[in-house]
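Here's the structure, in structure tokens; my notes come after.
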Amino acid sequence: MFAPTGDLVATAAAARTAIGAFNVITIEHAEAIVAGAEAAGLPVILQVSENAVRFHHGRLAPIAAAARSIAEAADVPVGLHLDHVESDELLAQAAPNGFGSVMYDASRLPYAGNVAATAAAVARCRTAGLWVESELGEIGGKGGAHAFGARTDPGEAAAFVAATGVDALAVAVGSSHAMTTRSARLDHDLIGRLAVAVPVPLVLHGSSGVPDEELREAVRGGMAKINIGTALNTAFTGTVRSALGEQPDLVDPRRYLASARIAMAETVRAALRVLNSGVTTA
Ligand code: G3H
Ligand code: ZN
């Protein structure tokens, strides 16, 4: 069933676990994410990024309608989140297309500009009834522009939350977007200091590159929403590549997409178990 993102994050934070938020590119991604969550018996968030909307010819409505419908039919609570939104035009489409939340990303701007743009976005989101995540201290790797060394300062993070009124904050603690190896090492001391300083739930981006034990420790330290995208694409593409390599005559996409969907679902199930390993054996 559909569930508001704010409720899912608050429940996870209260239980000292984290909600997994997985990026949807195709309908098969959304089906797999929900299948993985159902197999784990745990809630999940479907998130559609601005980049994914760009891939769908700039049209949000079709993929949003599919994701929302898949969420509503699920046996577990499923949130719907619009991710890494930089465009005000796209932001305005979130609520009418069934999203419960957005991540408004002005992190490319200097601090003062990030505060001003985010505060304005929060005001618009409040009117639309949307829960809002934003980001401070760029997380390494996005667009190749940022280094692994990016870090969020706890004092600045607290001031940013107070000045903008955001509901959750994505912070830079050592992860990096689009990693295809799980070799990232997080700054757990910093996560602890951020958790103390920041009065809203913390969000980890670029989690595909973070090993399980690092994720467990990050959740213990206070990360309440864990964003995973590339790991699903690694599973999807690896499965398709093998199927096509092994069966050169294969032409029906359902044959290899079904395998790819199963592989993504297993990735989701395994990740959700890690994020909830403190409280569940599902
Ligand atoms: O917002 C989405 C994520 O940060 C996903 O990052 O693709 O590196 O797992 P990832
Ligand atoms: Zn991200």
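Miscellaneous remarks
- Label zone at Arg16 (point 7 Å along Cα-to-Cβ), backbone N below 20 Å, segment 173-212: 187-204, 212
- Neighbourhood net charge (10 Å Cβ-Cβ; Lys/Arg +1, Asp/Glu -1) for Arg193: -3
- Alpha-carbon gyration tensor eigenvalues x 5, square-rooted, for the chain, Å: 28, 21, 18
- Angle of helix 5-14 to the longest C-alpha principal axis of the chain, folded into 0 to 90 degrees and rounded to 10: 70°.
- Shape of segment 1-126, Cα gyration tensor, a/c cut at 1.5: oblate
- Taking 0.36 nm per residue of sequence separation and removing the Cα-Cα distance, the Ser69/Glu246 pair yields an extension gain of 60.3 nm.
- Descending by average beta-carbon neighbour count within 10 Å, the peptides 23-31, 111-119, 82-90 line up as 23-31, 82-90, 111-119, the highest first.
- Using alpha-carbon coordinates, inclination of helix 154-164 to the longest axis of the chain, degrees: 90 degrees
- Shape category assigned to segment 80-137 from the gyration tensor of Cα positions, a/c cut at 1.5: prolate
- Mean ellipticity per residue at 222 nm, deg cm²/dmol - from DSSP H runs of n ≥ 4 across the chain, formula -39500 (n - 2.57): -15000 deg cm²/dmol
- Full extension of the segment from Ala270 to Ala116, taken as 0.36 nm per residue of separation minus the current Cα-Cα distance, would add 51.5 nm.
- Between the helical axis of 253-275 and the longest alpha-carbon principal axis of the chain there is an angle of about 40 degrees.
- Kirkwood Rh, angstrom, segment 148-217 [1 / mean 1/r, Cα pairs]: 12.4 Å
- Look at the alpha carbon pairs under 8 Å that are at least 6 residues apart: their mean separation over the length of the chain gives a relative contact order of 21 percent.
- Additional length obtainable on full extension of the chain from Arg59 to Ala178, 0.36 nm per residue less Cα span: 40.5 nm
- The distance linking segment 188-263 with segment 2-44 is 12 Å (Cα centroid to Cα centroid, whole angstrom).
Every number in this text was worked out from the coordinates using simple rules, so none of it is lab data. Note that the structure is predicted; figures quoted are calculated from it, not measured. Using ideal geometry, Cβ is built from the backbone for each residue, glycine included, and neighbour counts are taken over all protein chains shown.
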